[in-house]
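Asks: This structure is in structure tokens; I'll ask about it shortly.
Taken together, the values in this text are just the output of simple stated rules run on the coordinates, not laboratory data. Remember, predicted model here, so these are calculated numbers, not experimental data. Don't worry about glycine lacking a Cβ; one is built from the backbone with ideal geometry, like all the others, and counts go over all protein chains shown.
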Amino acid sequence: MFELLPLASRFDVVIGSRMDKYYGLARRLVSWGFNAIPRLLFGVETYDAGAVKLVRREIIERCVIVSRSPFSEAERLIRAARAGYRITEHPVATRPRSTGKAKGVRLGLVVRALLDVVAVWLSLRRTNRSSQR
């Protein structure tokens, strides 16, 4: 992950996007959906939102996050991109999980994330309306 550090001088957010993802079919579908949603609904490419990232403290302090699910990582990228911050990704090597069990495909978590998508969309819409006045 240290290879991300030099990019931090030119970018405000550096995402360590995973070159190999060791996902089953259900997780691949969920991942595809949550990479497509920010692009389709918000016009922002989030790359691998759940991956490790370097983020300037200013972004964390400035961007108020309404999500309470894993979608919060994508929301931070959406808000940062809309605020004009420079975002890039850099491929990183990963290894398959050696212990524990993946929990990202639980129905309740997916539903909560989808509800957060709606909450973020509404929040950004309200922000846009108030800034146009």
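Asks: Per residue of segment 11-21, in order, report the coupling 6.51 cos²θ - 1.76 cosθ + 1.60 (Karplus, θ = phi - 60°) as ³J(HN,Hα) in whole Hz, putting x for Gly and Pro.
Replies: The phi angles translate into 10, 8, 9, 10, 9, x, 6, 6, 5, 10, 10 Hz.
Asks: Among the DSSP beta bridges whose two residues both lie in the chain, what percent are antiparallel, rounded to the nearest 5?
Replies: Details: 3 of 9 bridges.
If I count the DSSP bridges inside the chain, around 35 percent turn out antiparallel.
Asks: Now for a different question. Give, in nm to one decimal, the length gained when the segment between ARG68 and TYR23 is fully stretched (0.36 nm per residue of separation minus the Cα-Cα distance).
Replies: 13.9 nm is the gain from fully extending ARG68 to TYR23.
Asks: If you stretched the chain out fully between LEU122 and ILE60, how much longer would it get, using 0.36 nm times the residue separation minus the C-alpha to C-alpha distance? All intermediate terms of the calculation are to be shown ahead of the outcome.
Replies: Numbers: separation 62, 0.36 × 62 = 22.32 nm, distance 2.03 nm.
Gain on extension, LEU122 to ILE60, equals 20.3 nm.
Asks: Show that you can apply the helix-only estimate: for the chain, add -39,500 (n - 2.57) for every DSSP H stretch of four or more residues, divide by all residues, and state [θ] at 222 nm to the nearest 500.
Replies: Result for the chain: -15500 deg cm²/dmol, rounded to the nearest 500.
Asks: Let me ask you something else. Over the chain, consider all pairs of different Cα atoms and compute the Kirkwood hydrodynamic radius from their mean reciprocal separation; express it in Å, one decimal. Provide the component values of the computation, followed by the final result.
Replies: Working: mean 1/r = 0.0633 Å⁻¹.
By the Kirkwood definition, the hydrodynamic radius is 15.8 Å.
Asks: Roughly how big is the chain's charge dipole about its Cα centre, with Cβ charges of +1 (Lys, Arg) and -1 (Asp, Glu), in debye to the nearest 20? Write down the numbers at each step before the final one.
Replies: Working: 25 positive and 11 negative charges, 82 e Å.
Computed about the Cα centre, the dipole is about 400 debye.
Asks: Now for a different question. Using Cα pairs under 8 angstrom and six or more residues apart, how large is the relative contact order of the chain, in percent?
Replies: Values: 150 pairs, mean separation 46.6, N = 133.
Dividing the mean separation by the residue count of the chain yields 35 percent.
Asks: Could you please rank SER98, SER123, placing first whichever residue has the fewest other Cβ atoms within 10 Å of its Cβ?
Replies: Numbers: SER98 5, SER123 17.
By the 10 Å Cβ count, ascending, the order reads SER98, SER123.
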